[in-house]
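Colleague: One structure follows; several queries about it will come next.
Just so it is clear, none of the values below were taken in a lab; they were calculated from the coordinates. These figures come from a predicted structure and were not determined experimentally. When we count neighbours, we look across all protein chains shown, and the Cβ atoms used for this are built from the backbone with ideal geometry, even at glycine.
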Amino acid sequence: MIRLFVSFHPEVKWGNMKKALWITIEIPDVKERELNVTEDGIKFKGTTSEGKTYAVSMDFYDKVNPSEMKEHESKRHIQLEIPKKTHELWPRAMKEKAKPQWLKSDFQHFQDEDDDSDTDMPGMGGMGGMGGMPGMGGDFGGADFSSLMSKMGNFNGNGGMPDLDGDDADGEDSDDEDLPDLEKTEKA
């Protein structure tokens, strides 16, 4: 009996931060897997509980530190945070300029080129609070909402909001006309 080995290509997401490369391999419920990360690339092969085999191989754009890699695994994916050797943003994930269809951008782990910091925005401490947020002083600047509501008027039809039913006196809409019947055509 001849057995053919068929493997599927998983969807792979990549995130580009100055200090680290994020790789997420979207593969559900992996039971058996082989993962090899080197400073130049990654090779992965895994089999799901349903018996489907997935495989992927990538040559990275630049060098990484695989010994300092952090791995997070869930039922849906395997996520790798791999520190870069040089703390620079990469123009792409792979050495090849052509992006394969299975490689997607992970915008949760993407740093903008204009963003110089990895921390919160400086100088935002003096901003006013947001109502209802703990520790933010939700007093809305002392606004008296009961006074505001009394000034707005009564919205139950006795004033306040205008009639929004339309200007037509007879209540008919222009697009309520009957449509003509469709013409029957002969088959060619």
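Colleague: Beta carbons within 10 angstrom, averaged per residue: use that to sort the peptides 34-42, 96-104, highest first.
Modeller: Descending mean neighbour count gives 34-42, 96-104.
Colleague: Something else now. Non-local amide H neighbours of Lys104 (under 5 Å, H modeled in plane, Pro and chain starts lacking H): which ones?
Modeller: Val12, Lys13, Trp14
Colleague: Rounded to two decimals, what is the ratio between the C-alpha radius of gyration of region 11-109 and 2.2 N^0.38 Å?
Modeller: For region 11-109, the normalised Cα radius of gyration comes out at 1.03.
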